[in-house]
Each structure stands twice: as structure tokens, then as C-alpha cells.
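Accompanying notes for the structure given below.
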Amino acid sequence: MRKIHWIILFSALGFLILIGSLYLYNLYNVPVLSNEEIIKLSEEAKEQRENITRQTVFEPFEFKKPSKNKNVYFGDLHVHSSLSFDSYIFGNRYGLNDTYKFAKGESMLNMFGEKMQISRPLDFAAVTDHAETFGLEESCADPEITEESKVTCARLESPSYRFFFNLRETSVARPPVSIMSAAIGDKEKEERFIKSTWDKIIKAADYHYEPGRFTTFVAYEYSPTLPDGGYNHRNVIFKNNTVPEKAFSLFDAHTAIDLWKKLLESCNYPCEFMTIPHNGNRSWGYAFANHTIDNEQYTLEDWKLRNDNEPLVEIFQDKGNSECSTFYGSTDEECDIEQFYPKCENDDDTLCIKETSMARDGLKKGLTLENEFGFNPLDFGMIGSSDSHNSNPGDTEEWDYRGRTSFVGPSKRRVKEGFLMTQLVNNPGGLAAVWAEENNRNTLFEAMQRKEVYATTGTRIKLRFFLNFESTEEIFKSVDPIAESYEHGYTMGSTVVNSSRQIPKFYITAERDSLSAPLDKIQIVKGWTEEGKEKEVVYDVICSDEREINNRKNRCKPTKAKVDFDNCSFEENYGADRLEVLWTDDEYSLEQNVFYYVRAIENPTCRWSTYDSIRIDEKPSKNYPKITREMAWSSPIWVKNN
């Protein structure tokens with residue numbers, strides 16, 4: 001190649017690099033959305049064909065009378081109002097009162113004019129704003145505001161991606177750095193501002209609490225952030241309004257162990273709390289690791305702290321599914337529902353799944369730790385929630401998903417594939433379901449403590465799961481099989497010592513969500529340890545339409561139910577409204593410590609991205625699923641040998 005050709009080539013490359021650098025600089029430094037773009041996107045939203053797809057009927061509140069057999073209550077224990085910085089900077093201006101009103105069934109519009117409303121009011125909710133930016137609203141309204149605070153507050157009103165990533169970097173730092181603390185420059189004033197936010201949260205929860213009808217919990221989110229968009233966050237839920245004077249943030253407690261210790265020191269009777277971790281799928285392996293995010297090994301006392309204060313794990317939310325993966329000993333295809341991360345290849349890898357990321361692996365690890373410690377610090381129950389940053393708790397249906405933050409944009413922008421923060425890896429989130437005698441703070445919190453709870457992908461399947469060693473086929477003839485199961489058996493969340501050395505038998509029922517697809521099947525997931533190895537197996541235990549189960553594969557044939565991709569309607573002539581089964585574990589060994597949990601799975605339905613594609617008359621992306629499988633997961637039952 002001649003010299004002149006090399007000069008031309010390098011000049012062209014230099015020009016492309018310059019253009020690329022200017023583009024990235026622009027992308028990261030200009031406001032996420034200008035006023036002109038908001039107007040343009042609002043016009044796009046008006047053009048969406050909202051009524052072309054299958055529509056849901058909105059149902060009013062239905063009072064549930066107190067019941068000895070217990071009612072199921074559906075709620076959301078993870079949602080953000082405009083008090084959370086990452087909610088505010090991405091366009092949410094709905095506060096605490098708006099958030100609770102939405103949970104009770106009121107509608108609202110997002111910043112582009114799209115309607116948001118849940119099909120049925122929730123039974124309970126907790127607004128879990130990030131404690132790390134408590135006081136920010138007060139700081140920006142301070143008559144004596146510092147110049148540095150003015151700059152921060154201005155950037156909040158017109159944020160760029162760079163501002164968002166800068167905020168993340170300060171919380172990733174070890175020790176973490178508070179931009180608010182540096183900007184205010186007055187520790188006493190900062191603490192006063194933080195307490196002011198905390199007081200607002202307590203008052204709003206109390207104001208909207210209606211025992212018997214709608215339960216609120218005083219709560220917040222503790223938010224240690226990991227590199228590359230990882231999380232080691234926990235929601236802190238209080239039983240009543242007797243709470244600590246302060247909501248402890250990352251800046252007060254650098255690890256979960258520090259958090260539990262501070263809460264125990266300050267939460268005095270009748271105060272009670274629990275912490276609920278989430279996003280194991282994006283924890284880069286810290287969710288169920290033997291060490292903290294500072295890589296300090298857990299001691300026996302640390303494991304006891306976790307065992308005493310963390311009875312539940314949020315396994316499903318809008319950033320994905322954290323139940324299981326197919327990377328570490330599982331061939332379970334349902335693990336792939338809303339799970340898009342690859343397997344980690346090296347210890348230091350991020351943006352991937354490790355052996356200590358997912359809930360099922362955590363449950364198996366708990367059995368191993370029990371063999372070592374004599375107690376199981378990972379015998380957790382499972383719930384879902386939304387983690388929405390739109391002030392819309394419980395808005396978890398696929399058909400009218402509006403994105404996890406306000407700035408995302410209407411349908412055309414939501415389904416856009418790109419390298420920066422694509423929304424196609426997200427979903428509408430899940431729900432927490434609680435079995436309790438009646439709807440109030442005490443009964444719901446106590447049910448959560450005993451783990452009589454389950455998770456859903458947002459659907460409202462009614463799921464029951466009992467162990468009864470003496471159960472027979474006569475239970476199907478019982479006048480009240482639920483009362484019988486409570487009297488003679490053990491419900492989800494129980495730990496049972498098999499002193500009678502009998503084979504476990506499980507009575508399971510699932511009832512369809514009347515606003516969703518028919519039920520496909522019920523599965524049992526079993527985990528145990530054998531000769532020092534952790535093992536698992538998944539059984540189909542009953543399938544709709546009288547499909548037989550292949551005893552060698554433990555599976556029935558796939559459902560024939562189809563989805564109409566012209567309007568997202570689904571077939572009603574396949575599947576069941578109710579499934580009921582008594583299942584015996586004929587492969588049980590008396591030497592095993594074992595857990596079992598149930599999955600109830602619906603027939604296929606359209607994923608949210610398919611609904612959006614139909615609205616704008618485009619084909620759904622080939623890189624993401626067109627359908628989803630709504631489901632419910634029970635909390636486990638643990639059976640210990642004698």
C-alpha cells in the first residue's frame with residue numbers, strides 16, 4: 001500500500017474516532033430527555049393502537065372476611081416514589097400519597113400521557129425509597145442552600161446519563177461517598193433533612209393504612225451498589241410504626257451485617273423488622289456467598305444474624321428472575337423465564353450468573369451449611385415484587401406495561417434494541433402473596449416471618465402447599481381439605497423433623513387468575529445433599545387436559561395452547577381453572593435433609609414487548625421471547641431427618 005493510502009486510511013479512522021467521541025460525549029452529557037423530545041414522544045404515545053390487543057377488565061376492591069383457613073392477600077413490597085433519586089431523575093414526579101392511591105386502584109398518567117392502572121386494587125404495599133438520598137428534597141428547598149447543592153439540584157431537574165453513572169460510582173466506592181453530604185457541608189443539617197424524609201414516609205404509611213382493607217408497611221431500601229450495574233440491595237420492612245429514629249443507609253452500614261447490627265440496636269420493642277434481599281441475578285454472586293461485598297468471610301455469628309433477620313428473598317421483579325439458572329446442575333427449562341445473563345467464567349466476572357447468585361442454589365447451599373453449623377441460615381421463603389420506579393405498585397400485567405422508569409418512552413422506544421440501557425431485558429415485575437387470617441400489619445408480618453408466602457410473576461394464582469405424612473386419597477372427598485391440612489399437616493414455609501421416619505406426601509392446589517390464562521401444570525422442585533454433593537430434581541406432578549406424566553423424564557408433553565400474535569388473545573379450550581394433587585415422593589431417602597417447593601405455571605401468553613410491537617404495527621424482536629409463562633412459586637417446606 002502506498003504512503004498516500006496509509007495517510008488517507010489513518011485520517012479516515014481519526015475522523016471516525018472523533019465523530020464517535022463527540023457522539024458519546026453528547027449522549028452521556030446532554031439531558032436524558034429534552035422538553036422537545038418529551039413532546040415528540042407524547043405525540044407518538046397518542047398514535048399507539050391501545051385497543052388493538054386483548055384488554056383486561058378492571059375490577060373493584062373485594063373485601064375478604066377473616067378466615068381460619070386464611071385468605072391470600074396480594075401486594076408489592078418493593079416500589080419507588082419520586083423520593084428515590086433514580087426515580088426522580090428519570091421523570092417520576094409522583095410522591096408517597098400518589099403511590100399509595102395507585103395501589104388502592106386509582107389511575108395515573110406517565111410523563112408521555114400513557115395511562116397506568118392496576119386491574120384490581122392491592123391488599124398491601126410498602127414504598128421502599130432509597131435511604132441513600134433521604135433528605136435530598138429538603139436540601140434542594142433549603143433557603144440557605146450551598147452553591148454545590150444548587151448544582152446537584154439543577155442536575156436532578158435536567159439529568160444526563162453521566163450524572164446517573166456518577167451517582168452510581170459514588171455508591172460503588174469503598175468506602176461509599178455521599179454526594180449529598182459533601183454538597184450540604186453541614187452534618188447536623190444533613191441529619192435533620194434525612195429525618196424529615198423518614199418522618200414523611202412513616203406518616204404516609206400510617207395515613208393510608210386501613211386495617212381489613214389495605215395494609216401499609218413503614219419501609220425503605222438499603223442500597224449497596226456493585227460495579228457494572230450490580231446490586232446487593234435489601235428492603236427493610238417494619239411490623240408497625242414503632243421504628244428507629246433513623247433509616248440506616250449504605251453510608252451508615254457498609255455491609256448487610258452492619259445493617260442488621262444497627263437495626264437490632266435501635267429497633268426496640270414493640271419494633272420488629274425484617275430485611276428482604278433482591279436481584280440475586282444481578283448480585284454477581286454475592287447474594288448467597290460466604291463473604292460480604294468487602295470480601296470479609298461470614299463468621300458463625302454473621303450467619304446467625306442472617307438467619308434471625310432475613311426470612312424471605314425476593315426472587316422475581318422487573319429486572320428479572322432470580323429463582324434458578326441452567327448453568328449449575330439444572331436442566332430445568334423454566335429457569336430461562338426472564339433470565340438473560342450468561343454464566344460467569346471467572347471469579348472476578350460481572351454481568352453474569354455465579355453459583356451463589358440464584359435462590360435455588362442458595363437453598364441447596366443452606367442444606368450444606370446446616371450439615372456444618374447445625375442450623376440452616378438460608379431457609380428462606382420466596383416472594384415477588386415490582387421494583388417499579390414509576391410510583392405504580394402492583395402494575396405487573398404484561399398488556400399495559402409502561403417501562404420500569406418514566407423516561408423510557410412509549411411503545412416504540414420501549415422495544416428499541418440498543419447498546420445503552422435497553423428495556424427489553426426488563427419485565428413488569430412480580431407480586432408477593434401472603435396467607436393470613438385477616439388483612440392487617442400484625443397478621444401479614446407474622447405470616448411473612450413464618451414464610452407462609454409465595455411469589456408470582458405478577459399473576460394472581462391462588463396456590464396452596466401442604467405436607468401431611470398421613471394424607472390419603474380421601475382428602476379429595478373431604479368437606480374441608482384445607483382445614484384438615486392445617487390441622488394435621490404443615491404449610492409452605494415450615495421446617496419439619498421427620499421423627500416418624502415416613503415418606504413425605506404433599507397436598508397442592510392451584511386456582512387460576514381469572515384475568516389471565518388457564519393453568520398448564522404444577523411442578524415440585526426438590527433439593528437435597530447426598531455424600532457432600534448438592535442435588536436437585538424437578539417433577540411435573542399434575543398436568544392439565546389429562547396429559548400423562550412420563551415417569552422416566554418426570555414430565556408431561558407440552559401444552560397445545562397457542563397465542564394469537566395479531567392481538568395477543570389466548571386459547572381457553574386448553575388448560576385448567578383449578579388443579580389439585582396429592583403427590584408422594586417415592587424417591588425420598590430417610591437419610592436426606594431436603595427441601596421442596598411448588599411452581600404453578602400458566603399456559604403461554606404474550607410478553608409485554610409483543611403487546612408493544614403490535615401497538616406500533618411492528619414485528620417483535622427476534623432476540624427476545626414473544627411469549628412468557630406466568631407462574632407462582634411457593635415458599636419451600638424443609639424435611640429434616642431425625
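The values are calculated or read from the model by the stated rules, or taken from the named source; none is laboratory data. All values derive from a computational prediction rather than experimental measurement. Counting neighbours? That spans all protein chains shown, and the Cβs are built from the backbone with ideal geometry, glycine included. For the accessible areas, the whole protein counts, side chains as well, though only heavy atoms, and no ligand, DNA or RNA atoms are used. Shrake-Rupley method; radii C 1.70, N 1.55, O 1.52, S 1.80 Å.
Values for this structure:
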{"read-out": "Residues satisfying the stated conditions in the stretch 498-512, i.e. within 30 Å of Ser119 (Cα to Cα) and open to solvent by less than 10 Å² (accessible area, probe 1.4 Å)", "value": "Ile508, Thr509, Ala510"}
{"read-out": "Given (1) under 28 Å from Val538 (Cβ atoms); (2) touching a helix residue (DSSP H, G or I) at 6+ places or on another chain (Cβ under 7 Å), index of the condition Gly394 fails", "value": "(1)"}
{"read-out": "Yes/no for Asp348 being more than 30 Å from Glu47 (Cβ to Cβ) and over 22 Å from the mean Cα position of the chain (by Cα)", "value": "yes"}
{"read-out": "Number of positions in the stretch 305-353 that are more than 29 Å from Met448 (Cα to Cα) and part of a strand (DSSP E or B)", "value": "1"}
{"read-out": "Residue pairs meeting the criteria (Cβ under 8 Å; at least 6 apart or on separate chains; first among the aromatic types (Phe, Trp, Tyr) and open to solvent by 30 Å² or more (accessible area, probe 1.4 Å), in the stretch 164-186; second part of a helix (DSSP H, G or I) and at pLDDT below 80)", "value": "Phe165/Tyr28"}
{"read-out": "Number of positions in the stretch 596-633 that are part of a loop (DSSP other than H, G, I, E, B) and in contact (Cβ under 8 Å) with a residue 60 or more places away in the chain", "value": "13"}
{"read-out": "Residue satisfying all of: in the stretch 581-629; surrounded by fewer than 20 Cβ atoms within 10 Å (Cβ to Cβ) and among the hydroxyl-bearing types (Ser, Thr, Tyr); nearest to the chain's Cα centre (by Cα) among these", "value": "Tyr624"}
{"read-out": "3 or more residues of a type in the set (Lys, Arg): qualifying helices (runs of 4 or more DSSP H) within the stretch 163-277", "value": "187-208"}
{"read-out": "Search result, residues across the stretch 49-76 that are aliphatic (A, V, I, L, M) and farther than 30 Å from Glu487 by Cα", "value": "Ile52, Val57"}
{"read-out": "Options Lys526, Lys533: the member that is basic (Lys, Arg) and touching a Phe, Trp or Tyr at 6+ places or on another chain (Cβ under 6 Å)", "value": "Lys526"}
{"read-out": "Breaking point among (1) of a type in the set (Val, Ile, Thr); (2) over 25 Å from the mean Cα position of the chain (by Cα); (3) under 24 Å from Asn498 (Cα atoms), for Ile637", "value": "(2)"}
{"read-out": "Matching residues in the stretch 362-396 - criterion: being part of a loop (DSSP other than H, G, I, E, B) and surrounded by 24 or more Cβ atoms within 10 Å (Cβ to Cβ)", "value": "Phe380, Ser385, Ser386, Asp387, His389, Asn390, Ser391, Asn392, Pro393, Gly394, Asp395, Thr396"}
{"read-out": "Within the stretch 480-497, considering residues that are among the charged types (D, E, K, R) and free of Cβ contacts under 8 Å to residues at least 60 places away in the same chain, the one most open to solvent (accessible area, probe 1.4 Å)", "value": "Glu487"}
{"read-out": "Matching residues in the stretch 427-475 - criterion: being open to solvent by 10 Å² or more (accessible area, probe 1.4 Å) and farther than 21 Å from Arg578 by Cβ", "value": "Glu437, Glu438, Asn440, Arg441, Asn442, Thr443, Glu446, Gln449, Arg450, Lys451, Phe469, Glu470"}
{"read-out": "Filtered residue count, the stretch 189-248, keeping only those that are farther than 30 Å from Phe165 by Cα and not aliphatic (A, V, I, L, M)", "value": "20"}
{"read-out": "Members of the stretch 79-122 that are charged (D, E, K, R), open to solvent by 10 Å² or more (accessible area, probe 1.4 Å) and in a loop (DSSP other than H, G, I, E, B)", "value": "Arg93, Lys104, Glu106, Arg120"}
{"read-out": "In the stretch 266-312, residue least open to solvent (accessible area, probe 1.4 Å) [restricted to those that are more than 17 Å from Thr255 (Cβ to Cβ) and charged (D, E, K, R)]", "value": "Arg282"}
{"read-out": "Residues of the stretch 126-163 classified as aliphatic (A, V, I, L, M) and either open to solvent by 50 Å² or more (accessible area, probe 1.4 Å) or at pLDDT below 90 (or both), total", "value": "4"}
{"read-out": "Residues (in contact with a helix residue (DSSP H, G or I) (Cβ under 6 Å, 6 or more places away or on another chain), of a type in the set (S, T, N, Q) and at pLDDT 90 or above) located in the stretch 20-52", "value": "Gln48"}
{"read-out": "Unique residue being farther than 30 Å from Val563 by Cα and in a loop (DSSP other than H, G, I, E, B) when the list is Glu50, Glu62, Glu36, Glu137", "value": "Glu62"}
{"read-out": "Hey, Thr443 without any contact (Cβ under 8 Å) to a residue 12 or more places away in the chain and of a type outside the set (Gly, Ala, Ser) or not", "value": "yes"}
{"read-out": "So Ser634, is it buried (at least 22 other Cβ atoms within 10 Å of the Cβ) and among the hydroxyl-bearing types (Ser, Thr, Tyr)", "value": "yes"}
{"read-out": "Flag for Leu515 being in contact with a helix residue (DSSP H, G or I) (Cβ under 8 Å, 6 or more places away or on another chain) and of a type in the set (A, V, I, L, M)", "value": "no"}
